[in-house]
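Please treat every number below as a calculation from the coordinates, not as lab data. No experiment lies behind these values; they were computed from the predicted model shown. Note that we place each Cβ from the backbone using ideal geometry, even for glycine, and neighbour counts take in every protein chain shown.
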Amino acid sequence: MFPIFATFDYSFKNSVVCGLLITTNHKITIYSGMEINQEKPVWLVLLLVSIGALAGLLMGTAIGTGIATLFYTGDGDLFQAMTNPASDQLRVPLLIVQGVTSLCGFVLVPYLIWKAMTKKTIGFFQVLKLNPASILFSFLIVIAFAIADSAIIEWNQNVSFPDFLKAFEEWARAKEDQLADLTKMLTNFQSVEEFLLAFVVVAVIAGISEEFLFRGIIQHELFRGTRNIHLAIWVSAIIFSAIHAQFFGFVPRVLLGALF
């Protein structure tokens, strides 16, 4: 099968419609431009997917919190305890909330909206077969990147703002310290079961769901709109880093998003 693009003059309200001629096994099929150009505008798809992601995050948080109440063993109410997440009894509930929120906000709702807008299914995201050489090459890239990125991480963590942005700097560093304390609590495992739950939520669910949304949907749509793969990769990487709301890790995360 090979395509031959040609222009056919169709008289339809004084317009010229571009057609597609495809020959397969001596058979000829002609599709009019009205049949093949059914894709929605990129800006509209991205807008609705973004709105859906925010709605999914809120929905996932509500559902996850409801499930997490079943596993909360601390004193008092879970909702009040989550306002100051420092207790070990919050580790499992918070991991459950994070997992459900990631699935709803980064996968389920955005995918359903994207599918409705583009008429594409999950089969569109085909996983390429990997050979040993590509796996080894990827491993070497990761090692080299980790070494080079360490200097960038150090620089980004010690960025100093001018006086008129001191208020933002203080807020950003306070958020950074708060997230660091939360991470320390979540990774202070007390059992094998907690470790396995954290591994599934952080390494599997978070990794796959974020890749699905930012690389699978957003990067694809940006490329469809710009036809520039470099722009699509960098813009999606910047968005990926921005949603984490950690300025003092912003640049390394952008580079990480662009690399992978």
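In order along segment 42-58, the Karplus-derived 3J(HN,Hα) couplings, from 6.51 cos²θ - 1.76 cosθ + 1.60 at θ = phi - 60°, round to 4, 4, 6, 4, 5, 4, 5, 5, 5, 4, x, 5, 5, 5, x, 5, 5 Hz, and Gly and Pro are given as x. Counting neighbouring Cβ atoms within 10 Å and putting the fewest first, the residues PHE106, PHE164, PHE145, PHE79 line up as PHE164, PHE79, PHE145, PHE106.
Using only the alpha carbon atoms of segment 139-260, find the Kirkwood hydrodynamic radius as the inverse mean reciprocal pair distance, in angstroms to one decimal.
Details: mean 1/r = 0.0607 Å⁻¹.
One over the average 1/r among Cα pairs gives 16.5 Å for segment 139-260.
Provide the FRET efficiency to the nearest 0.05 for the PHE164-ASP88 pair, computing r from the beta carbons and using R0 = 35 Å. Walk me through the numbers on the way to the answer.
Working: r = 41 Å, r/R0 = 1.18.
With a Förster radius of 35 Å, E is 0.25.
Exposure proxy shown here: for HIS244, HIS220, the number of other Cβ atoms within 10 Å sets the order, fewest to most, as HIS244, HIS220. In terms of surrounding Cβ atoms within a 10 Å radius of their Cβ, THR83, THR183, THR118 rank from fewest to most as THR83, THR183, THR118.
Our note on the geometry: Cα centres of segment 189-260 and segment 47-97, 21 Å apart.
Between ALA180 and PHE137, what length comes free when the chain is fully extended (0.36 nm per residue of separation minus the Cα-Cα distance, one decimal in nm)? Please list the in-between numbers first.
Values: separation 43, 0.36 × 43 = 15.48 nm, distance 3.22 nm.
Taking ALA180 through PHE137 to full extension adds about 12.3 nm, to one decimal.
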